[in-house]
């Protein structure tokens, strides 16, 4: 079975969350996958944005719920 090709377009770069030792950035972007509706997306990207790691995409509604949950959460509660 042939590997299925896919397309992506970074519609808007929102920001970098972190950079790893390989110089890849974990980013929040708005990405259009396979000409579908743009989604908010968190994943690692190579410096040229030609390679990517596994990530997660959110609809606007899902991101709004996540924001509410994060607003109610102490991000340092479980840091050691």
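Within region 67-76, does at least one residue satisfy the condition of being touching a residue at least 12 places away in the same chain (Cβ under 8 Å) and either closer than 20 Å to residue 9 by Cα or assigned to a loop (DSSP other than H, G, I, E, B) (or both)? Working first, answer last.
Our first condition is that a residue be touching a residue at least 12 places away in the same chain (Cβ under 8 Å); within region 67-76, this holds for none.
Checking region 67-76: not a single residue is touching a residue at least 12 places away in the same chain (Cβ under 8 Å) and either closer than 20 Å to residue 9 by Cα or assigned to a loop (DSSP other than H, G, I, E, B) (or both).
Go through region 49-69 and give me each residue that's exposed (fewer than 12 other Cβ atoms within 10 Å of the Cβ) and either closer than 18 Å to residue 6 by Cβ or modelled with pLDDT under 95 (or both).
Within region 49-69, 50, 51, 53, 54, 56 meet the criteria.
Residue 38 passes all but one of (1) surrounded by 11 or more Cβ atoms within 10 Å (Cβ to Cβ); (2) within 23 Å of residue 5 (Cβ to Cβ); (3) within 10 Å of the chain's Cα centre (by Cα); which number fails?
The one condition residue 38 does not meet is (3).
The values are calculated or read from the model by the stated rules, or taken from the named source; none is laboratory data. Predicted model, so just to flag it, every value in this text is computed and none were measured. Cβ coordinates were reconstructed from backbone atoms using ideal geometry, including for glycine residues, and neighbour counts include every protein chain displayed.
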